[in-house]
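J.: One structure follows; several queries about it will come next.
The values are calculated or read from the model by the stated rules, or taken from the named source; none is laboratory data. All figures in this text were calculated on a predicted structure; none of them were measured in a lab. Positions of Cβ are backbone-derived with ideal geometry, glycine not excepted, and every protein chain shown enters the neighbour counts.
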């Protein structure tokens, strides 16, 4: 089962530290020394603010990923506990962007690359669970209110188990209220 | 490469968060900033705390660091010319003294700074305005 | 078959099955469809709907020419050809024109003059009767007559029949019989209404019968030398003229019926430059017509024409307002009650064959009591017929039908005579030939018995 | 927001019946630029050259057309530089195309076909007399009033114009609201 | 702040009045969110749906400019429903009866049409605040930046006094000071009316002490507040009062003061302007002399954070260029003018000043180093005195008789109301990713990439639909005083007719529009309320280019090669 990071609207205060953390983790610390327009600032999670809530939204690393199913060049695959995009294969056809019901994929230019007409290559961009980056998902680490949590298979399973036991207990209490 | 750890207070909002910096003394540059266990921030930082320090290497995105004292010698609209500290200090001292004698101490206004300067600089500024210039005309942006 | 579906072109989308009013198209979704001949009324709505064209990609570069030859379509035609198509009889017409022995008479339906120009790039619903007549002359017909004239005759016959049924307690309600697809539908599904059908033939057949008799006299030729061609907005007219009983003139009343689209092909085949044509008149005396005749092309038009004359037949007074707007409109079924003297004439108009079934059921179980019901198979009368110029995009349907309908009413308003019985040509044909409506000769030539087959 | 990436039309084989109204409409609105094509079939004197292609497959059928890729293989493959991006949409210049077929091979969707060029109501011939062809692909009805004709005429709403960026923001909101329901997941 | 920041999360109830923690102090917002998780009740009074409002139990979405009406109405409910802590009022306060006379007419029904909040909601909020102990009030610029700021601060204090919410932890009333050392600058006496340690300049005894310490006679006249400077330069007749020299240190009035057009004119007309700063900025364009100082990270000293905590800040890297620390520049100028100031380091200055201020006396460098943070008052130098987490312990107030004074007054509307020519209202708000005038964060690469010129104007989605604006479209926003161009951000978090802008943008500079009308006592401008109008820009291409050109012009004036275009 894939892992995923999810935001808790009750804790999130909409400050977007996670979005910068994500870019720093993927582009590396040298971005604090180079020209800010020389790399692509492409957070892989997106802050959503409505009257009711503020929370970042990112890829849920589905088990039957709709994006992987529609990719015509097989650029999307499972790697470890995450669903990742190989941006070398990707040609920006946006099928995955259309297929994803969460809007977790956007299109970003690849700095320094160029197409035949001189414009920058543009490819699909989504959360890769910081695969290959030490200390795990940066967004979870930098969030000041711990609104982001990494949900692993084990945690999800144990949570389900706990809920089922609780359900059993309540069923039991219906029969024997005093116990 | 000699790395040293320095804990300091964030220069931005009033929460007074403590940040632990890793500094490369030889290259005289900051390597990393991580949250420290401060009384108010307890090991967390916001985006300005985490990522608000790389202005120090003067990327000139918005504007640039002032490096040398400058005076507009040709009057109001004339260009700024770089001068030595001695010249600048004496020029300012002379001008302020001249205006103080001509119009009195209350015709000079000074400001403190609620930002990076620190308490000691603010103390000296108000002491300078009160003791040296002789006026209480000192204020800062707490009011705006 | 008059209307057929090409098995190799049909993608099985069944859009035609949805519009077919007789539920005559069968086949699985995605498989080539077939027409159940026993149910098909050849109205051609499937031909208007089908978009599955001969594609270079799917059927190959030379498939187009092959299909064109199969369907005997003139070589100069380059327009897209579709799976659902109607038969093309242009070769028969060309042969007849070329044959010195045959005296070719052509008659043109009311709805053709408001649509044929569209095939030459004119705006939808361009009214071009003058150019139409000129084009028919240029193509080489010997006599250019107009179906609007027999339409006026139909009004005389059918109007009289209606008055007789109403005043002498004949079988009611009386249904119009000028739409051959409706007649075929009734024969297939409601033969019990046989006697409710007006015995009058359709204007095409009345015209055909007159041209081969009275017309022949005028040309002092023998009827056998006349080759009668009709240009119709309808694919079913070809079926009607081949009906066994349509030979009261002693010969086939109408030898062949071609559609508006066929006519356009014929004009192009003869290299006639439509834009350069000078307007001319239809030939006399059987080409003169009234406003009542020309509005046959729209739904409610036959009813309005019949009332314009019927009113005077019953009250002896001219109708106060020649424009009987009460029966106009495009809804599938609408009724109204018209004060005709002291008679409250209850009339109904049906357009779109799917709307006639509930009406028939209502008449059967007595919940609907009307005197006279006009039935047209096509969505908005003959202007939207199966043989009319086919629209590339269905988005333009409403605009096309509305434009053609408006052009028909404009033509009606600009005509000097707007009631059939006031037409000089009608008076002349009755004086010289038909004596009076419902006379023996009129009954022999212009009326018939349906539901034989 | 400023339009950043290209829109595209996508079909839905669960709704498409395969009637080809879209192909005919696509050809009609595009051919009118250079040919006297009116509203009726009779006015057409040139071959039908659609820019989307009804495709049958075991699961049913649907039209296939260009996605206007942001890093378009066809654009990159076109050595003649006949394919450019105009207002975020990938457009083939009919005049420049020499029919080398590279773009057809580069496109993973098969969204490009070689079809005859027609002008002034006639097929355009080359010096050799053969018909001139060009890489025909969807241009999202750029410059045509009312937007993509295929979407407008489809009787079953089986074609959808996708504005990926606008839809992404709406989907984001729905996804965020779902997080309200899953926050007590453990 | 009377309480400490960590205490926020243990409060029973928080009345968050005109304060948006999420954008101003994310770490304070963290405490609010944790408090919420621990079951803290939240009442949020704010015209917008802020993050705090979003998770609040009661959101009093009041009409801008109606603060005092709401505060008085809440007081009215607490009094009429007998929820007041009469024992606390008896022992620790004065002036309760006169106060009651003022708020008598402020029934919730009276306040409803003014505040646009249903009377029942006001009752519910007042009851929740009065009956949930301990209850804490946090307020911010939403209270201070009005012409009735001081009255509303006193009004909020009344609520705390009425309900006995003083003297213990997680209660009291707290202005969450915005900037890192604004509390420090006030502590150090950079105020026209007070010496360091809030000792009043008009108090002869105090003045005498400082005259003795500094060896010179001192003026007893209260000085000129910063917001009076434009008037004192342009319209002051009395030559001895007209301001001829302006020594600006660590400030950027040409960006952060209201009615920038007037500020620019004043800077232009002022005979001699000195700017001592770390960055070239808009004020620098008008300065006659520029003195480059070391920036944070290149020097060290003490800051005072929002809850009165002295904390050290330390040098990280050596400064490049011919720079001096601020204190050294001031000392050298003073010495050059005949008043010698020679200090070896900041600690020497610190030791001098804490001995002059009784409430700071005990906060030596050594103690701050040891405990990391010392909240004043800390009166005893011994290490046992660790400072004061919260003030007014056991209800003992700093007045002569240790009793707090009630103060009631009537509400009056803001001074510039919307009219037919300017039908909407503008209020300034905070951008979480940038700080103050943005010369520091604007040069931080990732902060700039997250949010850059020309900023946003938040507007109600219905208004946007009516005016035909889509998200990100450049619009022109105008007031009587000026205009600027910015991007439209339609949001449901804002009520129709209201617009909100952040003030640190050079192009989307909302201070071109703000009014310079001041609170009579605090002289704070009414940033939170002025009349404005928003206009559509037809040619968006021109607008986008125009914004880029404006941005590059200003940067070129500041001597930067603008090859590197900003991502507008």
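J.: Within the stretch E:229-329, considering only helices (runs of 4 or more DSSP H) that don't extend past its boundaries, which have at least 2 residues that are at the interface with another protein chain (Cβ under 7 Å from one of its Cβ atoms) and touching a residue at least 24 places away in the same chain (Cβ under 8 Å)?
T.: Because the criterion is at least 2 residues that are at the interface with another protein chain (Cβ under 7 Å from one of its Cβ atoms) and touching a residue at least 24 places away in the same chain (Cβ under 8 Å), no helices (runs of 4 or more DSSP H) in the stretch E:229-329 meet it.
J.: Right, next: Would a scan of the stretch C:86-93 turn up a residue that is touching a residue at least 60 places away in the same chain (Cβ under 8 Å), buried (at least 20 other Cβ atoms within 10 Å of the Cβ), over 21 Å from residue C:272 (Cα atoms) and touching a helix residue (DSSP H, G or I) at 6+ places or on another chain (Cβ under 6 Å)?
T.: Within the stretch C:86-93, one or more residues are touching a residue at least 60 places away in the same chain (Cβ under 8 Å), buried (at least 20 other Cβ atoms within 10 Å of the Cβ), over 21 Å from residue C:272 (Cα atoms) and touching a helix residue (DSSP H, G or I) at 6+ places or on another chain (Cβ under 6 Å).
J.: Out of the stretch C:371-407, which residues are part of a helix (DSSP H, G or I), in contact with a strand residue (DSSP E or B) (Cβ under 9 Å, 6 or more places away or on another chain) and away from chain D (no Cβ under 14 Å)?
T.: Selection gives C:382, C:405.
J.: Further question on the same structure: Is there a residue in the stretch D:103-124 that is assigned to a loop (DSSP other than H, G, I, E, B), free of Cβ contacts under 8 Å to residues at least 24 places away in the same chain and either surrounded by fewer than 18 Cβ atoms within 10 Å (Cβ to Cβ) or in contact with a helix residue (DSSP H, G or I) (Cβ under 7 Å, 6 or more places away or on another chain) (or both)?
T.: Among the residues of the stretch D:103-124, at least one is assigned to a loop (DSSP other than H, G, I, E, B), free of Cβ contacts under 8 Å to residues at least 24 places away in the same chain and either surrounded by fewer than 18 Cβ atoms within 10 Å (Cβ to Cβ) or in contact with a helix residue (DSSP H, G or I) (Cβ under 7 Å, 6 or more places away or on another chain) (or both), which makes the answer yes.
J.: Here's something else I'd like to know. Quick check: anything in the stretch A:138-155 at pLDDT 90 or above, within 10 Å of another protein chain (Cβ to nearest Cβ) and on the phi > 0 side of the Ramachandran plot?
T.: Checked the stretch A:138-155: at least one residue is at pLDDT 90 or above, within 10 Å of another protein chain (Cβ to nearest Cβ) and on the phi > 0 side of the Ramachandran plot.
J.: Quick check on my filter: what residues within the stretch C:204-239 are surrounded by fewer than 24 Cβ atoms within 10 Å (Cβ to Cβ) and either under 17 Å from residue C:289 (Cβ atoms) or not assigned by TED's automatic domain parsing to the domain that holds residue C:177 (or both)?
T.: C:214, C:218
J.: Take the stretch D:42-59 and flag every residue that is facing another protein chain (nearest Cβ under 7 Å) and over 24 Å from residue D:114 (Cβ atoms).
T.: D:42, D:43
J.: Now for a separate question. Of all residues in the stretch B:71-100, how many are facing chain E (nearest Cβ under 7 Å) and out of contact with any helix residue (DSSP H, G or I) (no Cβ under 8 Å at 6 or more places or on another chain)?
T.: Within the stretch B:71-100, residues that are facing chain E (nearest Cβ under 7 Å) and out of contact with any helix residue (DSSP H, G or I) (no Cβ under 8 Å at 6 or more places or on another chain) number 6.
J.: Is it fair to say residue D:26 is at negative phi and either more than 8 Å from every other protein chain (Cβ to nearest Cβ) or free of Cβ contacts under 8 Å to residues at least 24 places away in the same chain (or both)?
T.: yes
J.: If you check B:83, B:92, which single one turns out to be closer than 29 Å to residue E:335 by Cβ, without any contact (Cβ under 8 Å) to a residue 12 or more places away in the chain and either buried (at least 17 other Cβ atoms within 10 Å of the Cβ) or in the same structural domain as residue B:134 (by TED's automatic domain parsing) (or both)?
T.: After ruling out the rest, the residue left standing is B:92.
J.: Could you tell me whether residue D:150 is in a helix (DSSP H, G or I) and either in contact with a strand residue (DSSP E or B) (Cβ under 6 Å, 6 or more places away or on another chain) or surrounded by 20 or more Cβ atoms within 10 Å (Cβ to Cβ) (or both)?
T.: Yes, satisfied.
J.: Mind checking which residues of the stretch E:312-346 are under 30 Å from residue E:377 (Cα atoms) and surrounded by fewer than 17 Cβ atoms within 10 Å (Cβ to Cβ)?
T.: Answer for the stretch E:312-346, where residues must be under 30 Å from residue E:377 (Cα atoms) and surrounded by fewer than 17 Cβ atoms within 10 Å (Cβ to Cβ): E:314, E:342, E:343, E:344, E:345.
J.: Also, quick follow-up: Return only the number of the condition from (1) in contact with a strand residue (DSSP E or B) (Cβ under 6 Å, 6 or more places away or on another chain); (2) in contact (Cβ under 8 Å) with a residue 40 or more places away in the chain; (3) under 23 Å from residue E:146 (Cβ atoms); (4) surrounded by fewer than 23 Cβ atoms within 10 Å (Cβ to Cβ) that residue E:49 does not satisfy.
T.: So the condition that residue E:49 fails would be (1).
J.: If you don't mind, there's one more thing I want to ask. Considering only residues that are buried (at least 21 other Cβ atoms within 10 Å of the Cβ) and under 14 Å from the mean Cα position of the chain (by Cα), look in the stretch E:520-536 and name the one that is nearest to residue E:191 (Cα to Cα).
T.: Within the stretch E:520-536, the match that is nearest to residue E:191 (Cα to Cα) is E:524.
J.: Here's a follow-up. Looking at D:21, D:82, which is the one that is in contact (Cβ under 8 Å) with a residue 24 or more places away in the chain and within 13 Å of chain A (Cβ to nearest Cβ)?
T.: Working: D:21 fails: within 13 Å of chain A (Cβ to nearest Cβ).
Of D:21, D:82, the one residue that is in contact (Cβ under 8 Å) with a residue 24 or more places away in the chain and within 13 Å of chain A (Cβ to nearest Cβ) is D:82.
J.: Quick one: residue A:131 ticks every box in (1) out of contact with any strand residue (DSSP E or B) (no Cβ under 9 Å at 6 or more places or on another chain); (2) modelled with pLDDT under 95 except a single one, so which number is it?
T.: The failed condition is (1).
Here's the yes/no breakdown for (1) within 16 Å of the chain's Cα centre (by Cα); (2) under 28 Å from residue B:32 (Cα atoms); (3) free of Cβ contacts under 8 Å to residues at least 12 places away in the same chain; (4) outside any helix (DSSP H, G or I):
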{"site": "A:113", "(1), (2), (3), (4)": "no, no, yes, yes"}
{"site": "A:129", "(1), (2), (3), (4)": "yes, yes, no, yes"}
{"site": "A:136", "(1), (2), (3), (4)": "yes, yes, no, yes"}
{"site": "A:156", "(1), (2), (3), (4)": "no, no, no, no"}
{"site": "A:160", "(1), (2), (3), (4)": "no, no, yes, no"}
{"site": "A:165", "(1), (2), (3), (4)": "no, no, yes, no"}
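J.: Which one of these is more than 10 Å from chain B (Cβ to nearest Cβ) and touching a strand residue (DSSP E or B) at 6+ places or on another chain (Cβ under 7 Å): E:535, E:549?
T.: On the way: E:549 fails: touching a strand residue (DSSP E or B) at 6+ places or on another chain (Cβ under 7 Å).
The conditions single out E:535.
J.: Quick check on the stretch E:199-208: of everything there that is surrounded by 15 or more Cβ atoms within 10 Å (Cβ to Cβ) and not in a strand (DSSP E or B), which residue is nearest to the other protein chains (Cβ to nearest Cβ)?
T.: Among them, the one singled out is E:201.
J.: Let me ask something else. Quick one: how many residues across the stretch E:33-43 are buried (at least 24 other Cβ atoms within 10 Å of the Cβ) and either at the interface with chain B (Cβ under 10 Å from one of its Cβ atoms) or within 21 Å of residue E:494 (Cβ to Cβ) (or both)?
T.: Selection size over the stretch E:33-43: 1.
J.: Within the stretch E:484-502, how many residues are exposed (fewer than 15 other Cβ atoms within 10 Å of the Cβ) and without any contact (Cβ under 8 Å) to a residue 60 or more places away in the chain?
T.: Result for the stretch E:484-502: 1.
J.: Which residue out of A:104, A:25 is within 8 Å of another protein chain (Cβ to nearest Cβ), in contact (Cβ under 8 Å) with a residue 40 or more places away in the chain and surrounded by 19 or more Cβ atoms within 10 Å (Cβ to Cβ)?
T.: Working: A:25 fails: within 8 Å of another protein chain (Cβ to nearest Cβ).
None of the others qualify; the one that does is A:104.
J.: Given E:426, E:447, which one is crowded, with 24+ Cβ neighbours inside 10 Å, more than 14 Å from chain B (Cβ to nearest Cβ) and under 23 Å from the mean Cα position of the chain (by Cα)?
T.: Testing whether each residue is crowded, with 24+ Cβ neighbours inside 10 Å, more than 14 Å from chain B (Cβ to nearest Cβ) and under 23 Å from the mean Cα position of the chain (by Cα) leaves just E:426.
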